[in-house]
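Right, one structure below, let's go through it.
The values are calculated or read from the model by the stated rules, or taken from the named source; none is laboratory data. Owing to the predicted nature of the structure, the values given are computational and were not obtained by experimental measurement. For neighbour counting, all protein chains shown are included, and Cβ atoms are generated from backbone atoms with ideal geometry for every residue, glycine included. Heads up: the accessible areas ignore ligands, DNA and RNA and are worked out on the full protein's heavy atoms, side chains in. Shrake-Rupley method; radii C 1.70, N 1.55, O 1.52, S 1.80 Å.
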Amino acid sequence: PELTSTPNFVVEVIKDDTKQTLVLDCHYPEDEVGHEGEEESDIFTIREVSFQPTGEAEWKETNYTLNTDSLDWALYDHLMDFLADRGVDNTFADELIELSTALEHQEYIKFLEDLKSFVKCQ
């Protein structure tokens, strides 16, 4: 089977006039990956949404994180439109899959070469 890498990714939206960053944790559901030609369907989903302090190196685990399973679908659709307006759409998601898959393949080949060198008898 063809190796396809579908990494989780995080989108951070920062506004200049606030001290908070909107954080959207996204992933590719397994049943959506590889369904080409379904333009009206999103190939990634938003799993969680939270606010984090802007400029902090570490996110605060104590900040409330909303799981989108409990989110109203209309609001969820607005969040997806919000991302699409900023370039995080199916095109972006497809390009991320292509990049991640290429990197995964490259690392796999390097691993096999390293493994061959390691176990080679001399």
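Some notes on this structure:
- For the chain, the longest principal axis of the alpha carbon atoms and the long axis of helix 73-85 meet at an angle near 70°.
- Accessible area of the chain belonging to carbon and sulfur atoms, whole % at 1.4 Å probe: 51 percent
- Only DSSP H runs of four or more residues enter the estimate; each adds -39500 (n - 2.57), and after division by the residues of the chain the mean residue ellipticity at 222 nm equals -12500 deg cm²/dmol.
- Taking every protein chain into account, the accessible area of the range 1-117 amounts to 74 square angstrom per residue (probe 1.4 Å).
- Computed over the chain, the Cα gyration tensor eigenvalues convert (square root of 5λ each) into semi-axes of 33, 21, 13 Å, ordered from largest to smallest.
- Each Lys and Arg adds +1 at its Cβ and each Asp and Glu adds -1 at its Cβ; summed about the Cα centre, the range 9-120 shows a dipole of about 720 debye.
- Once the Cα atoms are used to define both axes, helix 90-119 deviates from the longest principal axis of the chain by about 30 degrees.
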